[in-house]
Structure formats: structure tokens, C-alpha cells
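Reviewing the structure listed below.
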Amino acid sequence: MPTLLDLSVQGDVGTLADESRLRSVKLMDPQQLYELWERQNWEAHSISLERDVADWQGMSEEERGHLAWLLSSFFIGEERVTTQFSGLVAAYESQGEEAFLATQQVDEARHAQHFNRFYRQVVGYDGTFEDRLRQAREHLNEAFLVLFDRHLVDACRRLLDDPADGDAKVDFVTTYHMVIEGTLALTGQEFITRFMEEHELLPGFTDGFRNIARDEHRHVAYGTWFLQQKVRAQPEAAGRIQEKLAELLPIAAAVLVPPGLQLGDSYELLGYSSDEVNQYAFTALSRRLRVIGVSLPAVAA
Ligand SMILES: [Fe+2]
Ligand SMILES: [Fe+2]
């Protein structure tokens, strides 16, 4: 099976019949996704973290260090995707889309709140929310900073400058919904949740994280809907999406590489091999792209 690092393998996942079936998939529209949000609402501050504190204290120094590093990407990631979202809200094209996008921004703020509570009460970072963000930032690698502080910030700024710029909206949704949420966040969430459940660890954190993943699926569903509509109306948008993916996927693949290692090295995340993690990301992304009507870009691994 190909992984995220084998993007030069294009179009060989699934058959042609699969391909046309996936392209005709009918997706939920933003109004339906907004209504789903009303039904799936949850409260970060109602979750008890009591058992988590005891679990955390029972872990070895090494385990705590590895988790604090790994979860920092999510804590800072949620802060980044909250603040860098206003441009897309301004770029709505229907009332249903405006309503859905407003819910996505509040979801991201709630996700950051969940992490802030966890880092304060369980990990034990003192000070303010801002102090905790600063401390968590020290764990991040260069690829994370390039993706979230440069590419995401630039994509948001272009939309804020001109919310009617259709190309900027395609670039933003490809960056945010396909790469950051659809490839990185959902993959990380899958393995971290699996690990916590298998080891019966940090139940409060995991409860919130499962709710976060459900929100992320709704967000990615919007991004998939938007890009599918775009490609159907303007087939040339497919090339634009591919170009953005070719630029960003190698950076995304490097975000989860632990400190001291490089992209291409074998490593383990919570006991799962880097191959398994990359393969999961690749399969989910390629399936979503086929629904949109885009093949994976050819990139030298
Ligand atoms: Fe989020
Ligand atoms: Fe999200």
C-alpha cells in the first residue's frame, strides 16, 4: 500500500468503477451540516479531568514528554485554525454556508479551550492561556511552523484582502480542510484516540478529543463539498488543487516526525509505525480527492 510519502503513485488506488461511483457521491451541503452542528453540540468545560490527573502522574517522565510533544501540535494547531479562519467566513456565498462557517470558527475555539484546560489541569503548565501556548510552542518542529505560521496565515490573509477571490478560496480550503484537517488532524486523532482507549488512559481528554474528531469530520465534509462543487463548475480548479497539495503534502508529512529525526526516517508514534500512520493519511486523503474529482499530484518523495 502506498503511503503519504509515495505521492508519485497516482490513480492506482481503486478501480475505474470505484472512481466514477466516488465522483457521483452526493455530499451534505452547508445548510445540512449547520443543522448537524446543532444536534452535535458539546461543552468542553463539562468534561471531568480528575482521572486524567492521576493517570498523568502515574506515567514515566519519558511517556509524559512524548505526549506533551505530540499533543502540543494539536493545542497550537487549534489556536491557529481558530484565528486564521475569519477570511473564509467573509467569503461565504449563501446563507447556509455563512451559518456553517460561523459554527466552524466557534468549534475551533472550543477545541483550543479543551486543550488549554488539559494543559493547565493535567500537564500542569502555569500562567495564562497565552503562557501555555508559548510553552507548548517550544515543542514544535520547523515543518509545523512553515505550514501553520506561513502557508495558513498567507492563505487567510489573501481571503481577508479580497473575500470574492475564488482562487484564494480554493487555495484556502485545500490548505485548511484537505491538508491540515483532513490529512494531519484526522490521522493524529485516530491514532491518539486508539492509543488512549487501548491503554485506558486520560479518559476526560479522550472524551473531548472524540468530540473534536466528530467536529473535524463535519469540517472536512464542508471542504469536500466546496471543492467538489468548484471542480464540477470549473474543471480547471482540479489542477489548482493538485498544485497546492503538491506544495503542502511533503510539509504536512514532516509535521509528525518526532524531534531529532527527519522525514523518511522510520519512527513510532505511541507505538504505531510511521508507515502505518502515513498509509492511513494517504488512504483517507486519496478517497476524499476522488470524491472531489482530483487525482493525487505527482510529487517526488
Ligand atoms: Fe479543530
Ligand atoms: Fe476543524
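The values are calculated or read from the model by the stated rules, or taken from the named source; none is laboratory data. In this text the structure is predicted, and so the values were computed from the model without any measurement. Note that each Cβ is placed from the backbone with ideal geometry, even for glycine, and that neighbours are counted across all protein chains shown. Please note that ligands, DNA and RNA were not included when accessible areas were found on the heavy atoms of the full protein model with its side chains. Shrake-Rupley method; radii C 1.70, N 1.55, O 1.52, S 1.80 Å.
Let's see if you can work this out: charge +1 on each Lys and Arg Cβ, -1 on each Asp and Glu Cβ, no other charges. What is the dipole magnitude of segment 220-296 about its Cα centre, in debye to the nearest 20?
Numbers: 7 positive and 7 negative charges, 116 e Å.
Dipole of segment 220-296, to the nearest 20 debye: 560 debye.
Starting from the Cα gyration tensor of segment 102-207, take the square roots of the eigenvalues, sort them a ≥ b ≥ c, and report rounded, prolate or oblate (rounded when a/c is under 1.5, otherwise prolate if a/b is larger than b/c, else oblate).
Details: a/c = 2.10, a/b = 1.65, b/c = 1.28.
Since a/c reaches 1.5 and a/b is larger than b/c, the shape of segment 102-207 is classed as prolate.
Over the chain, with every protein chain in place, what whole percent of the accessible area is carbon and sulfur at 1.4 Å, could you tell me? Could the numbers behind the result be given before it?
Numbers: 6420 of 13090 Å².
Taking all protein chains in place, the chain shows 49 percent carbon and sulfur surface.
So what does residue 244 come to for accessible area, using a 1.4 Å probe and Å² rounded to 10?
Near enough 40 Å² of accessible area.
Kindly point out which whole DSSP H helices in the chain project their C-alpha atoms 24 angstrom or further along the helix axis while averaging a Kyte-Doolittle hydropathy of 0.5 or above.
Details: long enough: 61-83 (33 Å, -0.30); 95-118 (35 Å, -1.02); 203-233 (45 Å, -0.81); 237-255 (27 Å, 0.76); 274-292 (27 Å, -0.22).
In the chain, the long hydrophobic H runs are 237-255.
Assuming 0.36 nm per residue, please report the length gained on full extension of the stretch residue 261 to residue 69 beyond their Cα-Cα distance. Could the numbers behind the result be given before it?
Working: separation 192, 0.36 × 192 = 69.12 nm, distance 1.38 nm.
Gain on stretching residue 261 to residue 69: 67.7 nm.
Computed over the Cα atoms of the chain, what is the ratio Rg over Rh, Rh following Kirkwood? The partial results should precede the final answer.
Values: Rg = 18.8 Å, Rh = 19.8 Å.
Result: Rg/Rh = 0.95.
By how many nm would the segment from residue 129 to residue 26 lengthen if fully extended, with 0.36 nm per residue of separation less the alpha-carbon distance? Spell out each step's value before the answer.
Details: separation 103, 0.36 × 103 = 37.08 nm, distance 4.11 nm.
Contour length minus Cα-Cα distance gives 33.0 nm.
Express the relative contact order of the chain as a whole percentage, based on alpha carbon pairs under 8 Å and six or more residues apart in sequence. Please report the intermediate quantities before stating the final value.
On the way: 355 pairs, mean separation 99.3, N = 301.
Reported as a whole number, the value is 33 percent.
What size of dipole, in debye to the nearest 20, comes out for segment 11-160 about its Cα centre when the only charges are +1 on Lys and Arg C-beta atoms and -1 on Asp and Glu C-beta atoms?
Numbers: 16 positive and 27 negative charges, 41 e Å.
The calculation lands at about 200 debye.
Please work out the average accessible area per residue across segment 244-300, using the 1.4 Å probe convention, and give it in Å².
Numbers: 2240 Å² over 57 residues.
So segment 244-300 comes to 39 Å² accessible per residue, rounded to a whole number.
Using a/c under 1.5 as the rounded threshold, could you call segment 182-284 rounded, prolate or oblate? The axes a ≥ b ≥ c are square roots of the C-alpha gyration tensor eigenvalues, and prolate needs a/b larger than b/c, oblate otherwise.
Verdict is oblate for segment 182-284.
Hey, how many Å between the Cα centroid of segment 92-128 and the Cα centroid of segment 192-260?
Segment 92-128 and segment 192-260 have Cα centres separated by 16 Å.
Based on the alpha-carbon gyration tensor of segment 201-247 and its eigenvalue square roots a ≥ b ≥ c, which shape applies: rounded if a/c is under 1.5, prolate if not and a/b is larger than b/c, or oblate? Write out the running numbers ahead of the final one.
Working: a/c = 8.42, a/b = 2.60, b/c = 3.23.
Because a/c hits 1.5 or more and a/b fails to exceed b/c, segment 201-247 counts as oblate.
Could you state how much accessible area residue 78 has, in square angstrom rounded to the nearest 10, with a 1.4 Å probe and all protein chains kept in place?
Estimated to the nearest 10 Å², residue 78 gives 10 Å².
Please compute the per residue accessible area over segment 96-142 with all protein chains in place, 1.4 Å probe, rounded to a whole number of Å².
In whole numbers, segment 96-142 has 41 Å² accessible per residue.
Would you mind counting up the charge near residue 145? Only other residues with Cβ under 11 Å from its Cβ, with Lys and Arg at +1 and Asp and Glu at -1.
On the way: positive: 80, 137, 150; negative: 142, 149.
Result for the local shell: +1.
Leaving out same-chain residues fewer than 8 places away, which aspartates and glutamates sit with a Cα under 16 Å from that of residue 230?
Within reach: 29, 93, 97, 165, 167, 171, 243.
What is the gain in length, in nm to one decimal, between residue 39 and residue 275 on full extension, counting 0.36 nm per residue of separation less the C-alpha to C-alpha distance?
Values: separation 236, 0.36 × 236 = 84.96 nm, distance 3.64 nm.
81.3 nm is the gain from fully extending residue 39 to residue 275.
What does the charge dipole of segment 158-301 about its Cα centre add up to, to the nearest 20 debye, if the Cβ of each Lys and Arg holds +1 and the Cβ of each Asp and Glu holds -1?
Details: 13 positive and 20 negative charges, 122 e Å.
Around 580 debye, computed over segment 158-301.
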